[in-house]
1. Write down the Å³ per residue value for the convex hull defined by the alpha carbon atoms of the range 1-159.
2. If all Cα-Cα distances of the chain are sorted into 10 Å bins from 0 onward, what percent lands in each bin, rounded to whole numbers?
3. In nm, what is the difference between 0.36 nm times the number of residues separating Leu175 and Thr110 and their Cα-Cα distance?
4. Quick check: net charge around Gly534, other residues with Cβ under 11 Å of its Cβ, Lys/Arg +1 and Asp/Glu -1?
5. Which shape class applies to the range 245-295: rounded if a/c is under 1.5, otherwise prolate when a/b exceeds b/c and oblate if not, where a ≥ b ≥ c are the square roots of the Cα gyration tensor eigenvalues?
6. Please check the chain for the longest run free of chymotrypsin sites (Phe, Trp or Tyr not before Pro) that are loop-located per DSSP (anything but H, G, I, E, B) and have at most 12 other Cβ atoms within 10 Å.
7. Could you please rank Asp95, Asp82, placing first whichever residue has the fewest other Cβ atoms within 10 Å of its Cβ?
8. Within the range 222-243, which residues have the backbone N less than 20 Å from the label spot 7 Å out from Trp25 along Cα→beta-carbon, could you tell me?
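Here, each number is a calculation from the coordinates, and none is a lab measurement. The model shown is predicted, which means the values in this text are computed figures rather than measured ones. Counting neighbours? That spans all protein chains shown, and the Cβs are built from the backbone with ideal geometry, glycine included.
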Amino acid sequence: YAGTGRDLNATSALHVEGVPPQMQWISIMHSSYTGLNVTTPDAPLVLSNCTVRNNRGYGIYVNSSTGLAHIDNCVVLYNGADGIKYVHYDERPSDRLDRANVFDLCTFPTTSSQTFPITISMEQGKYAQNSKQCPQHVFTRPGHVLTLQFLQMSTDRNDSAMIEVYDGMSSSEKLLARVSVRNSTLPQSVTSSRHHLYVRFSAEARTQMVAFIRLSSGYQKIYDLNVTSSSIADNNGRGIAAENLRSSLHVHDTSVTNSNHVAGIHVLRGAADVNVTSSRISYNNGAGINITMTGGFRNISRSTISSNQGYGLAVWLNDTLGSEYIHFNQSTVVEYSEIFRNKDIGVFVGNATGISYVNITGNCFNASSETAVQIQSNWRNDGGRMRLQIGHNLFVENQKLGIKMTPALNVEGKIEYNHFRKHLYGGILIRNPLYEEFNLLPADLLVQHNEFYENRGVYVVSIGLSPYSDVQKLMFTRNFLRENVIKEPFDNSDVQGSRLVPRSRVAAAVVVSSSNVVVFRNILHNPHSQYEVGSQLEDQSKIINCTYNWLGHVEEQKILG
């Protein structure tokens with residue numbers, strides 16, 4: 001029952017500043033405010049085998065610029081706010097009175113016995129008449145990798161300096177990051193794949209600028225927050241909340257349930273990697289996982305996301321030019337997971353500018369009250385494309401669609417080897433609205449080797465791109481569509497006279513709405529559907545290529561509508 005100060009002000013039951021102590025087998029319960037508050041730690045935080053429950057505020061609150069907060073085998077229950085909240089604050093080395101432990105990149109000596117982490121500065125003077133070039137090769141012991149974190153940047157003239165980071169011993173190696181120095185720029189951390197890193201700094205003459213980076217060594221990328229083998233349940237806020245991340249969040253073998261606000265796992269702002277593996281995210285009063293940030297790598301694998309009141313997984317990306325965060329990777333991977341009985345969309349991936357990757361493989365989507373997978377695409381004509389792969393998934397009994405892409409722009413992708421069964425509205429919807437500017441944006445999609453059985457609705461597959469575009473194409477080939485029941489809207493089956501006669505929106509197993517879609521070598525056999533292939537072309541002068549398909553009948557009036 002701690003948490004009440006001498007002046008009756010609310011405080012944390014356990015408050016830590018500076019170097020955190022070793023915290024094992026501790027219980028923090030019934031605090032008047034936050035259970036554990038760790039502020040500005042100077043060393044890694046390890047909290048293991050703990051119980052944090054029934055506190056009025058946060059269960060565990062961490063405010064750090066160094067990261068390396070590890071919560072292992074803990075139980076965080078019944079707290080009045082978020083179960084675990086991590087906030088990354090941006091360190092400002094330039095505000096220090098001295099720079100005793102800050103090294104200059106141009107004069108930094110590298111030795112085999114180097115002690116990490118190291119803070120390094122890069123400067124150029126306002127009255128310097130010559131440009132500056134400073135290359136530096138940094139290495140650590142074999143078996144380790146190096147993580148470079150950008151701490152602070154300031155300049156009197158934007159884009160007058162450049163920092164380049166290479167994965168190796170020279171500039172001929174793979175480029176990990178290229179950062180143009182701008183005021184308040186906050187790039188994502190980068191990690192080498194081996195024990196060498198090459199940093200090159202260049203600055204123009206007569207520019208006042210300073211930048212600080214931190215180099216750390218370890219067996220893997222330096223994380224901000226790592227939660228493993230824990231149970232986080234029945235908290236009045238979010239289960240796990242992480243804000244302003246710049247490195248990574250890892251949740252492994254953890255159960256996050258019954259959170260009452262926003263999401264079970266909520267990642268807000270920043271540019272970082274997010275890994276959720278072998279975990280259970282269920283019964284939350286919002287989304288299961290909500291990731292709202294600028295960019296990074298997102299990996300959701302071998303997890304269960306079920307019975308949440310909102311989205312199962314929602315990825316919202318704000319990577320506009322106005323963001324202070326800079327990302328070097330834009331990837332979303334959802335693999336080998338079970339996503340079912342969520343009240344909203346199972347997996348939602350928002351649009352991202354530039355090059356991005358989306359891979360949804362080996363999952364089971366079952367009984368969602370909305371669409372199972374919805375992918376948004378970029379509308380900008382800047383050359384950046386999304387690479388999409390949706391394969392080897394099982395879609396069963398979702399209340400609306402299996403896969404939805406409207407519009408499909410700036411995308412190259414495959415939808416293959418998926419199984420769709422017993423959907424109530426349709427299987428796949430790929431459709432571009434009739435906007436003139438969409439005709440200039442490329443799209444290249446291949447839908448192949450999928451199976452569609454026992455689905456209902458006004459179509460099984462509805463596919464169409466921008467009708468007057470020469471840079472868009474979609475191939476629908478080698479798919480099986482069998483035993484689907486497709487009827488017109490408001491069709492009461494055997495009741496005569498209740499059916500609406502279609503004019504331009506015919507119901508069919510496969511609906512085609514543009515001439516740059518090719519339906520080739522498919523097996524369509526749906527005896528309970530009036531039409532196998534339907535045309536919804538706006539321009540009747542266009543031609544649909546629908547050849548070499550098995551259509552289940554020999555009578556023409558039963559084949560084409």
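1. Per-residue hull volume (Cα only) is 181 Å³.
2. Each 10 Å bin holds this share of Cα pairs: 4, 16, 22, 21, 17, 11, 6, 2, 0.
3. 21.3 nm
4. Working: positive: Arg505; negative: Glu488, Glu532.
Counting the neighbours of Gly534, the net charge comes to -1.
5. Values: a/c = 3.13, a/b = 1.39, b/c = 2.25.
Oblate, because a/c is 1.5 or more while a/b does not exceed b/c.
6. The reported range is 220-434.
7. Values: Asp95 7, Asp82 27.
Fewest-to-most Cβ neighbours within 10 Å comes out as Asp95, Asp82.
8. 229-231
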